[in-house]
1. What's the Kirkwood radius of segment A:39-144 in Å, using all Cα pairs?
2. Arrange the following residues from fewest to most other Cβ atoms within 10 Å of their Cβ: A:Glu60, A:Glu174, A:Glu26, B:Glu73.
3. Report the paramagnetic label zone for B:Ser10: residues of segment A:39-57 whose backbone N is under 20 Å from a point 7 Å from Cα along the Cα-to-Cβ axis.
4. Give me the number: length gained by fully extending A:Asn161 to A:Thr6, i.e. 0.36 nm times residue separation minus the C-alpha to C-alpha distance, one decimal in nm.
5. Non-local amide H neighbours of B:Gly192 (under 5 Å, H modeled in plane, Pro and chain starts lacking H): which ones?
6. Kindly provide the Kirkwood hydrodynamic radius of segment A:2-221 in Å, to one decimal, from all pairs of distinct alpha carbon atoms.
7. Multiplying the sequence separation of A:Glu26 and A:Lys50 by 0.36 nm and subtracting their Cα-Cα distance, what value in nm do you get?
8. Quick one: putting +1 on the C-beta of Lys and Arg, -1 on the C-beta of Asp and Glu, what dipole do you get for the protein assembly as shown around its Cα centre, in Debye to the nearest 20?
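Derivation of every value follows stated rules applied to the coordinates shown; laboratory data play no part. The structure presented is a predicted model; accordingly, all values stated were derived computationally and were not measured. No Cβ is skipped: glycine too gets one built from the backbone with ideal geometry, and neighbour counts run over all protein chains shown.
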Amino acid sequence: MKIGSTEIKPTKIVCLGRNYLKHAKELDSPVPTEPVFFVKTKNSIITDGKPIIYPRILYENEEFNRVDHEVELAFILSKRCKKISSENAFDYIQGYSIFLDITARKMQIFDRNKNLPWYRSKNFDTFSVIGPRIVPPNEIEDPHNLNIELLLNGKIQQSSNTSYMIFKIPEMLEYLSNFLTLEKGDFVATGTPSGVGPIQPGDVIKASIEKIGTITHEVILED
Amino acid sequence: MIKIGDISISPTKVICLGTNYLDHIEETGLEIPKEPLLFPKTLNCLITNNQPVIFPKYLNNNRKYNRVDYEVELAFIVKDKCKNVSSDDVYDHILGYTVFNDITARKMQTKDIISQKPWFRSKSFDTFGPIGPVIKTVNEIKDPHNLNIELKVNGKIKQASNTKHLLFKIPETFKYITQLFTMEPGDIIATGTPAGIGPVVPGDLIEATIEEIGTLTNKVILEGDEDNL
């Protein structure tokens, strides 16, 4: 897949949950003492302005008819790695991008309350949006001081700064690579700030991160 | 890419069913699901026949987490890109069947389940997804829902059941999954484990067998001992 002018071949997408304090509180989740990770599968990835498809299976079911936006800073791995220490973390980062972790919220809460995996609610086709380009580390002096925001139909819904992350990138990379081998092209989404909320078919999402750019995606109902 | 017997596949995802045998549901204390319960394993966990399962030091050295379990399962491999497959056409989209061992860091999983966290880290350590020894094509297996399935540790039978006890059968499972997600050629779906799950320790030999497919053999070694094989 191509993000801007850069080709990457991810084998997995790992996302952090609850990595901004205010967001953990808005979902009534406990503040984590270690990073909380979950996975998104490749079928969910889109880029380059393609539409986010609102699945009919959710739209037509009152129990599940809420789909949310979540804007996040993502970083892409530059090489295969395992058990790296936080001091060397930045040697393994190819660059940064904007990520939208689209989530079937009612389904996620339903599953969570039953102690079930967080999987199906996160992995519908088109529920992982990445772009508009990969910005190399030398263009971003400090990834933990970037304004991050999301507009829905022109109205600001999420607005924060990456300085509010609970677990910073070196810490999360050390923790994650202690568990599993990361491959070149894999990417990690670092969690969303508060202000998550529902989207509807017809909505236009604009997500921006300072020094990276803006991605714009329309939401459409599945045929 | 991973070679299973003579067949190479390039999976983009591994989807596993939890709680799909009634006797296993009883031993876990979980609810009987109304629809297939799905979780992913990442590709870094895949190994094949006779490769070692590595018991992570991180788990071994931590009393809170030092239990790792075997789980034998029937897996099927997706043949082509597909979405919204109807139950009648399911077998047109399946390349074949194989044996899968869903190795699980059990104490870690239990802790994460209780605190309503994702089932991810406990399932996706490197080498926690042995698969093989071969892929038997759809034509070679008359009825995938009538196969004896068993697992031995050091020669002693720990799990013994038959795939006829699957709660959600393959057509139902596949229809449900493809309603949610696009599947790609080579994607792996593991159909859940019967009762009898239990721990392994470094030095153990696991033999997982499904009738008409064969035996998947993997030795458990402690992380760091890879060079002493």
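1. Working: mean 1/r = 0.0642 Å⁻¹.
Averaging 1/r across every pair of different Cα atoms and inverting gives 15.6 Å.
2. A:Glu60, A:Glu26, A:Glu174, B:Glu73
3. Within reach of a label on B:Ser10, which here means backbone N under 20 Å from a point 7 Å along Cα→Cβ, segment A:39-57 contributes A:41-47.
4. 53.2 nm
5. Here the answer is B:Leu17, B:Leu74, since their amide H atoms fall under 5 Å of that of B:Gly192.
6. For segment A:2-221, the Kirkwood estimate is 17.3 Å.
7. 5.7 nm
8. That gives a dipole near 600 debye.
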